[in-house]
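These notes concern the structure reproduced below.
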Amino acid sequence: MEKKPHSGLGLGSFYTSIVSGIILIILIVSAGYLEASSPGGMDEESSAAIVIGLLMLLSLAASLIALGLGISGLFQKEKKKIFAILGSLISALIIVGTISLIAFGLSMG
């Protein structure tokens, strides 16, 4: 019996979702540190706040790409689908979590 190889798209999805998740956590911790260390909170128009916000959006875009890769990997025949499933799940959680975090921040004013 021939062993099925892992889906390349699934592997790409898994690794991309892990990296974007780690980057997102680092950015959230950095934003929290800047908020706590600044008297009166972080200035929303400072260059640090703008860079962190843009990097968060780039991380969200990478997660969307990872979700697309994972879904594509699920449709590959004769390939193992475990990494496509894991990558899709992780990236979907990152997307939902990021959007929820943004909505929560906007509702706080």
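We did not get these values from a lab; they are worked out from the coordinates using the rules stated. Here the structure is a predicted model, which means the values were calculated and not measured. Don't worry about glycine lacking a Cβ; one is built from the backbone with ideal geometry, like all the others, and counts go over all protein chains shown.
Please indicate, with yes or no, whether at least one residue in the range 44-61 is part of a helix (DSSP H, G or I), among the small types (Gly, Ala, Ser) and within 17 Å of Ala92 (Cβ to Cβ). Checked against the condition, which is being part of a helix (DSSP H, G or I), among the small types (Gly, Ala, Ser) and within 17 Å of Ala92 (Cβ to Cβ), the range 44-61 yields at least one hit. Out of the residues in the range 30-43 that are over 22 Å from Ile94 (Cα atoms) and of a type in the set (Ser, Thr, Tyr), state the one that is surrounded by the fewest Cβ atoms within 10 Å (Cβ to Cβ). Out of the qualifying residues, it is Ser37. Would it be correct to say that Gly32 is within 22 Å of the chain's Cα centre (by Cα) and touching a residue at least 12 places away in the same chain (Cβ under 8 Å)? No, not satisfied.
Would you check if Gly70 is in contact with a Gly (Cβ under 7 Å, 6 or more places away or on another chain) and either part of a helix (DSSP H, G or I) or over 30 Å from Pro5 (Cα atoms) (or both)? Criteria met by Gly70. A search for C-beta distances below 9 Å between a residue of the range 40-65 that is touching a residue at least 12 places away in the same chain (Cβ under 8 Å) and any residue that is of a type in the set (Asp, Glu) and outside any helix (DSSP H, G or I), counting only pairs 6+ apart in sequence or on different chains, returns Ala49/Asp43.
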